Amino acid sequence: MGDSHTTPVCTHCKRDDGTVRERGSPWGPRCDTCWEGDQHRLDNWQALSEGATAPPPPAEPRCPECTLLQDRYETSYRRWVLLEPRLLLPAEVVPPWKRWTVRPDGTAVNTQNRPIRAGEKCRIAHRVVCPCGPTPEGEGVLFTVVREENRRRAGRERPPDQLPGTA
C-alpha cells in the first residue's frame, strides 16, 4: 500500500533540509536554521525584558545612561547584565522577576518567580534603579532609596548640569 510516513517540513520556512525535527509547542517541526533564529529572538526578548542589555567585555561595565560603574555578568542566554555593585539583599524584600543570583561559575540568573529559600540573598539589575530611567509606579521604598543613592553617586562623578533628572 505504500509508505504512509512523510518527512516533516519546517513550519516556518516550509522546507525539509534534513534537520527538521519536532521542537514542541508552540513551534512544532523546525529546521535547525529556523530553530536557531527562534532561540536568538527569544534570547533577545528575555534580555530586553530583564535588562540584560550591557555591552560585553572588553567595554567598560558602565551604565550608558548615568555613567556609573556596575558589576557585569554574562547570563545563561549569552547576554550581559549590569548588577548593582556591593549590594546583596534579602530575597524576600525584592519583588519577583527582579531577583538575580550569581552562580559559582559567574553566570547571572534572574530567579524570576521561583520560591525563595530561607536566608536567600539576591542582587538587582542596575536598570531598575538607574537614576536616568523611569520610576515605576508603586516600586516600593527599596528601589527608591537605591535610585536616590545612585543619583548622588552620579552627581559626584558628573558636572551639575549633566546630573540625572536635570534638563
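Modelled with pLDDT of 95 or more and closer than 18 Å to residue 49 by Cα - does that describe any residue in segment 88-97? No: segment 88-97 contains no residue that is modelled with pLDDT of 95 or more and closer than 18 Å to residue 49 by Cα. Screening residue 138 with (1) assigned to a loop (DSSP other than H, G, I, E, B); (2) open to solvent by 50 Å² or more (accessible area, probe 1.4 Å); (3) within 24 Å of residue 42 (Cα to Cα) gives one miss only, at (3). For segment 83-113, the set of residues classified as surrounded by 11 or more Cβ atoms within 10 Å (Cβ to Cβ) and either hydroxyl-bearing (Ser, Thr, Tyr) or without any contact (Cβ under 8 Å) to a residue 12 or more places away in the chain (or both) consists of 101, 107, 111, listed by residue number. I need the full set of residues from segment 41-69 which are outside any helix (DSSP H, G or I), free of Cβ contacts under 8 Å to residues at least 60 places away in the same chain, within 14 Å of the chain's Cα centre (by Cα) and closer than 15 Å to residue 107 by Cβ, in order please. Within segment 41-69, 54, 56 qualify. Give the residues of segment 33-45 that are open to solvent by less than 50 Å² (accessible area, probe 1.4 Å) and either at pLDDT 85 or above or out of contact with any Phe, Trp or Tyr (no Cβ under 7 Å at 6 or more places or on another chain) (or both), sorted by residue number. Matches in segment 33-45: 34, 37. Are any of the residues in segment 1-16 of a type in the set (Val, Ile, Thr), touching a helix residue (DSSP H, G or I) at 6+ places or on another chain (Cβ under 6 Å), surrounded by 12 or more Cβ atoms within 10 Å (Cβ to Cβ) and farther than 28 Å from residue 109 by Cβ? No, segment 1-16 has no match at all. Per the listing 72, 79, 151, the residue uniquely within 28 Å of residue 39 (Cβ to Cβ) and touching a Pro at 6+ places or on another chain (Cβ under 7 Å) is 72. Only a single criterion out of (1) in contact with an Asp or Glu (Cβ under 8 Å, 6 or more places away or on another chain); (2) exposed (fewer than 15 other Cβ atoms within 10 Å of the Cβ) is not satisfied by residue 118, namely (1). Just checking, does segment 47-66 include any residue being farther than 23 Å from residue 149 by Cα, buried (at least 18 other Cβ atoms within 10 Å of the Cβ) and in contact with a Pro (Cβ under 8 Å, 6 or more places away or on another chain)? No. Checked against the criterion of being loosely packed, with under 15 Cβ neighbours inside 10 Å and within 17 Å of the chain's Cα centre (by Cα), the candidates 72, 78, 123 yield just one match: 78.
The values are calculated or read from the model by the stated rules, or taken from the named source; none is laboratory data. Note that this is a predicted model, so its numbers are computed, not measured. Because the Cβ atoms are built from the backbone with ideal geometry, glycine has one as well, and the counts that use them run over all protein chains shown. To get the accessible areas, we keep the full protein, side chains included, count just its heavy atoms, and leave off ligands, DNA and RNA. Shrake-Rupley method; radii C 1.70, N 1.55, O 1.52, S 1.80 Å.
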